[in-house]
Amino acid sequence: MPIPTLSLNDGSQIPSLAFGTGTAFSRHQDAQTTLESAINIGFTHFDGAQRYKNEATLGAAIKASESSVPRSELFITTKYAPLTPEETAKTALCKSLEKLGLEYVDLYLVHAPKDHMDGGGLKGVWKVMEECKREGLTRSIGVSNFGVEHILEIVEGAQILPAVNQLEIQPYVWDFVKPLIAVHKEHGIVTSSYGGLSALFHAPGGPLDPVVEKIRARLEDTRGKPVTSGQVLNKWLLQHDILVVTTSTKVERIGEYVDTCDIPELTAEEMGLIEGAGAERHQSFFKNTKYCLKGI
Ligand SMILES: NC(=O)c1ccc[n+]([C@@H]2O[C@H](COP(=O)([O-])OP(=O)(O)OC[C@H]3O[C@@H](n4cnc5c(N)ncnc54)[C@H](OP(=O)(O)O)[C@@H]3O)[C@@H](O)[C@H]2O)c1
């Protein structure tokens, strides 16, 4: 099954599964081969950032794959994080485009609200983001690691609403994410996740593990083909209409991620079991999360 898309509030479509170039690949100049494999295996959406310092690697992979997958069939995201106080969202995006070897990106996100608390603040940054979209440097604009108050601050007076908010989402933060998702829904903002697998692989032995294993075994039995615990959690996110940004340094795992779209659906009861186990432990794995999910 091709990777399904979600509709953005500006009329564009976004592939609901993305391959990340941060975490395992951040500052990693040798990511090109893995990124080319991800394109060949079926990923079409790539999540980059100025802060990862490896946009040129992503650009090289896009160029090397051009004959089999044209740029127009890919969805490229990058994120604004100023390196100097003078660097605006627009000057930084122009540098990103040069490194990526592209004329436009599909989605440009403000990486984190805490970078923009001085000067014109978030409203000032958002005006420049709107300019980037109007000038065709990016097809869509959005935010990352924004909490309810950050979203409300830019929505007030915005000419173009953010299309996406990307943040850590996994069962151990789920209780704190729900009010933010309600605000996203009011404004048609797509919720995007990262760190979706952290509860399993950064904190093994927690209350989530036996629940996910039980569901994994049930799905594997139903399907008659292997299902992994990672696929169970990514499917849980996708069934909530949450865009999944994941990654891997291993080719076999890249195939596993794309295959998530083909595993059977979780039942309502299984979705509830994951959320119930998540509520037993509150833990986040990324420092930006404390700025957007109050109380975690
Ligand atoms: N906006 C932001 O502030 C922000 C912050 C963080 C991340 N992100 C984006 O989100 C992307 C994904 O983040 P993430 O790495 O946290 O995603 P994730 O989906 O939670 O975790 C992916 C990691 O899980 C590991 N994994 C998967 N299955 C495993 C298994 N069975 N056993 C052991 N390890 C397993 C993979 O390791 P292997 O490499 O061994 O396969 C991979 O490194 C990043 O690359 C970045 O693009 C954005």
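Computed values, structure above
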item: Cα-Cα separations in the chain greater than 31 Å, expressed as whole percent; result: 25 percent
item: Proximal aspartates and glutamates to residue 99, defined as alpha-carbon separation beneath 13 angstrom and excluding residues fewer than eight positions away on the same chain; result: 55
item: R0 of 35 Å, Cβ-Cβ distance residue 159-residue 281: FRET efficiency to nearest 0.05; result: 0.25
item: Stokes-Einstein translational diffusion, the range 124-231 - Kirkwood Rh over all Cα pairs, 1.567 mPa s, 4 °C, in µm²/s; result: 80 µm²/s
item: Rounded Å value of the spacing that divides the Cα centres of the range 225-296 and the range 1-42; result: 16 Å
item: Contour excess over end-to-end distance, with Cα ends at residue 71 and residue 94 and 0.36 nm allotted per residue; result: 6.5 nm
item: By accessible area with a 1.4 Å probe, ligands and nucleic acids excluded, highest first: order of 47, 30, 262; result: 30, 262, 47
item: Residue-span extension gain [residue 251 to residue 83] - 0.36 nm each, minus C-alpha spacing; result: 57.2 nm
item: Distance in nm between pseudo-label sites at residue 115 and residue 131 (7 Å out along the Cβ direction from Cα); result: 1.7 nm
item: GluC sites (Glu not before Pro) within the range 1-75, DSSP loop, no more than 14 other Cβ atoms inside 10 Å; result: 66
item: Percentage of interatomic Cα-Cα distances in the range 180-232 larger than 13 Å; result: 67 percent
item: Carbon/sulfur fraction of accessible area - the range 14-291, other protein chains in place, 1.4 Å, %; result: 52 percent
item: Value at 222 nm in deg cm²/dmol, rounded to 500, when DSSP H runs of n ≥ 4 in the chain each add -39,500 (n - 2.57); result: -12500 deg cm²/dmol
item: Area of residue 75 that stays accessible when all protein chains are in place (1.4 Å probe, Å², to 10); result: 20 Å²
item: Loop sites in the range 252-289: trypsin sites (Lys or Arg not before Pro), DSSP, at most 11 other Cβ within 10 Å; result: 287
item: Probe 1.4 Å, all protein chains present, accessible-area order of 137, 100, largest first; result: 137, 100
item: For the range 52-100 and the range 160-206, distance of Cα centres in Å; result: 24 Å
item: Cross-link table 63/225; 114/185; 95/294; 63/185, entries beyond 31 Å C-alpha to C-alpha; result: 63/225; 95/294; 63/185
item: Average accessible area per residue (Å²) across the chain - probe 1.4 Å, nucleic acids and ligands excluded; result: 42 Å²
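The values are calculated or read from the model by the stated rules, or taken from the named source; none is laboratory data. Everything numeric in this text was worked out from a predicted model, so none of it was measured. Methodologically, a virtual Cβ is constructed for each residue, glycine included, from the backbone with ideal geometry; neighbour enumeration extends over all protein chains shown. Protein only, heavy atoms only, side chains kept; ligands, DNA and RNA dropped before computing areas. Shrake-Rupley method; radii C 1.70, N 1.55, O 1.52, S 1.80 Å.
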